[in-house]
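**Student:** Handing you a structure now.
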């Protein structure tokens with residue numbers, strides 16, 4: 001399908017059909033205790049959806065932070081184009097909906113006793129547990145890159161303080177400086193995210209420090225929406241942005257924060273600002289719960305999102321092994337809603353129902369233009385598989401008016417997803 005808006009209507013319709021299959025309000029015997037760990041797009045969406053379809057359930061959301069700072073559009077904050085306060089969402093509306101919100105860090109999960117522990121030795125029990133722990137970093141997977149190094153070479157891959165740090169580094173850099181972005185091997189959160197970041201940082205440099213250079217050191221040879229990004233870079237940032245792919249020694253293997261130097265297999269690069277996006281894995285609580293495998297991610301049943309390693313524990317969002325479905329906020333939100341609905345069916349003594357899922361990832365190539373990639377997936381056999389002939393990317397030659405429209409659609413999507421998750 002060539003028209004991006006028509007494609008989105010089809011994809012959205014498929015998602016709506018799949019959800020109506022599982023959203024029927026069912027009678028659940030007893031008052032089951034559902035605990036959700038992780039208050040991002042996956043966990044918060046699951047909690048709100050549970051209250052919507054089964055309001056008598058005892059639902060508790062455990063999240064250490066009192067405010068969630070969203071990653072989508074945080075690249076605009078880095079480029080000085082958006083206030084970070086617009087990325088911040090609290091949990092007041094979840095509490096008003098009858099969800100118990102515990103703003104403490106869970107430090108362990110006893111899956112045999114079905115209890116969750118906290119620093120003060122207090123525990124809470126569950127009948128069903130949903131984990132939505134997001135990602136953690138593989139510190140020292142790049143030699144020399146650890147928590148301390150991130151204070152000099154920020155990752156900004158978890159929105160918040162590091163987002164602002166990278167923004168301030170860009171503001172303070174002299175005109176004529178060099179910026180490096182290091183992109184890790186897949187899988188990682190938000191596959192198109194580093195390339196959108198490159199686009200918006202390039203826009204900042206072009207507007208404010210035009211003598212500067214931006215270098216992408218990329219462990220990958222290909223990436224999501226590659227033709228669209230590369231066409232945009234040639235059009236808007238010629239001579240300013242350069243990318244070195246993995247096959248040409250683009251993967252960073254070592255860093256020296258003191259000298260602001262990065263090393264690949266065959267080359268050495270110095271820069272004024274170095275944004276290291278490190279290799280990733282499932283969030284720490286997933287490892288403590290025993291739901292990760294040797295990859296560092298969480299194998300799940302694609303229909304119910306139940307862990308393949310631990311019963312009565314469901315895992316959603318970035319921490320899951322759900323390929324070809326990407327690790328994105330869109331995916332986490334949808335997975336949270338479907339997981340909630342399937343869990344209600346299980347508690348009602350009903351069999352789970354296979355569903356059709358979708359994902360759309362928007363990226364901004366300039367502050368006022370964007371494009372997208374969509375995918376549609378089935379989970380009939382307990383694994384995710386693409387629907388042949390579905391999805392696709394925005395057309396390469398689409399007019400500027402369509403790119404502007406896609407940018408507006410991106411903001412509409414963000415407003416919708418944050419409303420569904422945080423009320």
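**Student:** Within segment 268-293, restricting attention to residues that are in a loop (DSSP other than H, G, I, E, B) and farther than 22 Å from residue 163 by Cα, which residue is farthest from the chain's Cα centre (by Cα)?
**Tutor:** 290
**Student:** Can you find, within segment 305-321, the residue that is nearest to residue 131 (Cα to Cα) among those that are touching a strand residue (DSSP E or B) at 6+ places or on another chain (Cβ under 7 Å) and assigned to a loop (DSSP other than H, G, I, E, B)?
**Tutor:** 316
**Student:** For segment 273-314, which residues satisfy the criterion of being at positive phi and surrounded by 21 or more Cβ atoms within 10 Å (Cβ to Cβ)?
**Tutor:** 305
**Student:** Test residue 418 against the criterion of being closer than 21 Å to residue 158 by Cα and in the same structural domain as residue 43 (by TED's automatic domain parsing), and give yes or no.
**Tutor:** Yes, satisfied.
**Student:** Kindly evaluate residue 366 against the criterion of being within 25 Å of residue 157 (Cα to Cα) and modelled with pLDDT of 95 or more.
**Tutor:** When the stated conditions are applied, residue 366 passes them.
**Student:** Go through (1) modelled with pLDDT under 95; (2) under 14 Å from residue 41 (Cβ atoms) one by one and return the number of the condition residue 339 breaks.
**Tutor:** In the conditions (1) modelled with pLDDT under 95; (2) under 14 Å from residue 41 (Cβ atoms), residue 339 misses (1) alone.
**Student:** Taking residue 163 as the residue in question, decide whether it is within 17 Å of residue 363 (Cα to Cα) and within 24 Å of the chain's Cα centre (by Cα).
**Tutor:** Taking the combined requirement at face value, the residue does not satisfy it.
**Student:** A further question on this structure: Taking residue 265 as the residue in question, decide whether it is closer than 30 Å to residue 128 by Cβ and either in a loop (DSSP other than H, G, I, E, B) or assigned by TED's automatic domain parsing to the domain that holds residue 211 (or both).
**Tutor:** no
**Student:** Kindly indicate whether any position in segment 345-359 is within 16 Å of the chain's Cα centre (by Cα), at pLDDT 95 or above and crowded, with 19+ Cβ neighbours inside 10 Å.
**Tutor:** Yes, segment 345-359 contains at least one residue that is within 16 Å of the chain's Cα centre (by Cα), at pLDDT 95 or above and crowded, with 19+ Cβ neighbours inside 10 Å.
**Student:** Would you confirm whether or not segment 238-253 contains a residue that is surrounded by 22 or more Cβ atoms within 10 Å (Cβ to Cβ), in contact with a helix residue (DSSP H, G or I) (Cβ under 7 Å, 6 or more places away or on another chain) and touching a residue at least 60 places away in the same chain (Cβ under 8 Å)?
**Tutor:** No, segment 238-253 contains no residue that is surrounded by 22 or more Cβ atoms within 10 Å (Cβ to Cβ), in contact with a helix residue (DSSP H, G or I) (Cβ under 7 Å, 6 or more places away or on another chain) and touching a residue at least 60 places away in the same chain (Cβ under 8 Å).
**Student:** Any chance segment 343-362 includes a residue that's assigned to a loop (DSSP other than H, G, I, E, B), out of contact with any strand residue (DSSP E or B) (no Cβ under 9 Å at 6 or more places or on another chain) and under 28 Å from residue 198 (Cα atoms)?
**Tutor:** no
**Student:** Quick check on residue 394: is it in contact (Cβ under 8 Å) with a residue 60 or more places away in the chain and farther than 17 Å from residue 192 by Cα?
**Tutor:** no
**Student:** Can you say whether residue 51 is modelled with pLDDT under 95, outside any strand (DSSP E or B) and touching a strand residue (DSSP E or B) at 6+ places or on another chain (Cβ under 8 Å), as far as the supplied structure shows?
**Tutor:** no
**Student:** Of all residues in segment 180-207, how many are free of Cβ contacts under 8 Å to residues at least 60 places away in the same chain and within 19 Å of residue 365 (Cβ to Cβ)?
**Tutor:** 5
The values are calculated or read from the model by the stated rules, or taken from the named source; none is laboratory data. Quick caveat, the model's predicted, so the values are computed rather than measured. Because the Cβ atoms are built from the backbone with ideal geometry, glycine has one as well, and the counts that use them run over all protein chains shown.
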